[in-house]
Amino acid sequence: MNMNILEKTDFKNLGEKYTGKVRDVYKQADKVIMISTDRYSAFDRNLALIPSKGQVLTGVSKFWFEQTKDIVPNHVLDFPDPNVVVGKKCKVLPVEVVPRAYMTGVTGTSLWTLYQKGMRDFGDFTLPDGMHKNQKLEKVVLTPTTKHETHDRPLSSKDIIYGGYMTKDQWEKVADISLKLFKRGQEVALSKGLILVDCKYEFGITEKGEMILIDEIHTPDSSRYWQAATYEKRIAGGLEPENFDKEFLRLWFKENCDPYKDEVLPEAPAEMVEELSRRYIQIYEQITGDTFKIETGDIEKRIENNLKKYTIK
Ligand SMILES: Nc1ncnc2c1ncn2[C@@H]1O[C@H](COP(=O)(O)OP(=O)(O)OP(=O)(O)O)[C@@H](O)[C@H]1O
Ligand SMILES: [Mg+2]
């Protein structure tokens, strides 16, 4: 295997390992060590390995945690390696909050998919007839979904409160914080020439009972970005907005197989994998304004070294 790709890790003495879709998470008594791999996941499965992706995700999250820490405290304790964040261990709230500013998406729970199927009443908001794909919404909406169920399920505020997912106070706080984070995200993104289209937040409760932002924030995996400069023109011309998120590889799989049903998936074309890697790096550079440093050498070895201080004796 290519030394410069990280597929998975298998570290001993770092804590109990949980293999997420994209990250390997080692859980200790009070902290989580989250290692971003280069796994590329969509349709709830691993589609390919994308060089530099794990490093991009960690770096972009780092940037945004810094940019939003005045709005809500976050789980960050340390960034000991370009692919790793160490976070305060939390009780994860069982709802993912998804703010959306545009009518778009291709997955089963996306707004455009549901809208096309005729859905207009989303519980907390309704949408008028006659909207088209990629159109800007009147105002930002929140579309929370369940976490840890086989498939994400859309929830309304009522579902969240009466379904016992969160208390009314918790949900009101989470909703308020999410809108503030998203507004900050849109403003900062726009200053970099980007539209923050939608994203996903996760929140947790610390040992002391404090609600904090966990997981990742405004990464190209948890968010959708479009280039602001060309948006109007492309929409007017009936084109898709200029994006460099993972949509195009997702679309390729949709066109070349049934990613929800097929047991074995076709292998993504090498040039598409390289293109996606370039896009991840490009988005890192556009968002942070820093030049991306492609790490050479064995990523797993480097991580092992950088995590020595977190070894459990
Ligand atoms: N501070 C934290 N404390 C506890 N768990 C956390 C914290 N931050 C993130 N997590 C959890 O770590 C995991 C990150 O891995 P990843 O996103 O790859 O998993 P995933 O496949 O999306 O898992 P899930 O479906 O559970 O979200 C998620 O389950 C996330 O909820
Ligand atoms: Mg996740």
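The values are calculated or read from the model by the stated rules, or taken from the named source; none is laboratory data. Since this is a predicted model, take the numbers as computed values, not measurements. Don't worry about glycine lacking a Cβ; one is built from the backbone with ideal geometry, like all the others, and counts go over all protein chains shown. Heads up: the accessible areas ignore ligands, DNA and RNA and are worked out on the full protein's heavy atoms, side chains in. Shrake-Rupley method; radii C 1.70, N 1.55, O 1.52, S 1.80 Å.
Would you mind stating whether residue 18 is in a strand (DSSP E or B), open to solvent by 80 Å² or more (accessible area, probe 1.4 Å) and within 16 Å of ligand 2 (Cβ to nearest atom)? When the stated conditions are applied, residue 18 passes them. Checking each residue in region 77-90 for being within 19 Å of the chain's Cα centre (by Cα) and surrounded by fewer than 19 Cβ atoms within 10 Å (Cβ to Cβ) picks out only 79. For residue 292, the requirement of being under 20 Å from the mean Cα position of the chain (by Cα), away from ligand 2 (no atom under 16 Å from the Cβ) and assigned to a loop (DSSP other than H, G, I, E, B) is met. For residue 49, indicate whether it is closer than 22 Å to residue 298 by Cα and not polar (S, T, N, Q). The answer is yes for residue 49. Residues in region 268-289 that are in a loop (DSSP other than H, G, I, E, B) and closer than 12 Å to residue 249 by Cβ: 268, 269.
Of all residues in region 21-36, those being at pLDDT 95 or above and either basic (Lys, Arg) or out of contact with any Ser or Thr (no Cβ under 7 Å at 6 or more places or on another chain) (or both) number 11. Scanning region 122-179 for residues that are surrounded by fewer than 18 Cβ atoms within 10 Å (Cβ to Cβ), touching a residue at least 24 places away in the same chain (Cβ under 8 Å), assigned to a loop (DSSP other than H, G, I, E, B) and not hydrophobic (A, V, I, L, M, F, W, C) yields a count of 11.
Does region 194-211 contain any residue that is within 16 Å of ligand 2 (Cβ to nearest atom), open to solvent by 30 Å² or more (accessible area, probe 1.4 Å) and under 15 Å from the mean Cα position of the chain (by Cα)?
Residues of region 194-211 within 16 Å of ligand 2 (Cβ to nearest atom): 198-204.
Now narrow it down to the ones that are open to solvent by 30 Å² or more (accessible area, probe 1.4 Å): 200.
Cutting the leftovers down to under 15 Å from the mean Cα position of the chain (by Cα) gives us 200.
Looking through region 194-211, at least one residue is within 16 Å of ligand 2 (Cβ to nearest atom), open to solvent by 30 Å² or more (accessible area, probe 1.4 Å) and under 15 Å from the mean Cα position of the chain (by Cα).
Would you check if residue 89 is over 30 Å from residue 271 (Cβ atoms) and within 12 Å of ligand 1 (Cβ to nearest atom)? Taking the combined requirement at face value, the residue satisfies it. Across region 18-48, the number of residues qualifying as more than 26 Å from residue 107 (Cβ to Cβ) and either within 11 Å of ligand 1 (Cβ to nearest atom) or touching a helix residue (DSSP H, G or I) at 6+ places or on another chain (Cβ under 6 Å) (or both) comes to 7. Within region 65-76, does at least one residue satisfy the condition of being away from ligand 2 (no atom under 13 Å from the Cβ), within 25 Å of residue 272 (Cα to Cα) and open to solvent by 60 Å² or more (accessible area, probe 1.4 Å)? No, that holds for no residue. Restricting attention to region 21-52, report how many residues are open to solvent by less than 10 Å² (accessible area, probe 1.4 Å), of a type in the set (Val, Ile, Thr) and not in a loop (DSSP other than H, G, I, E, B). The total comes to 2.
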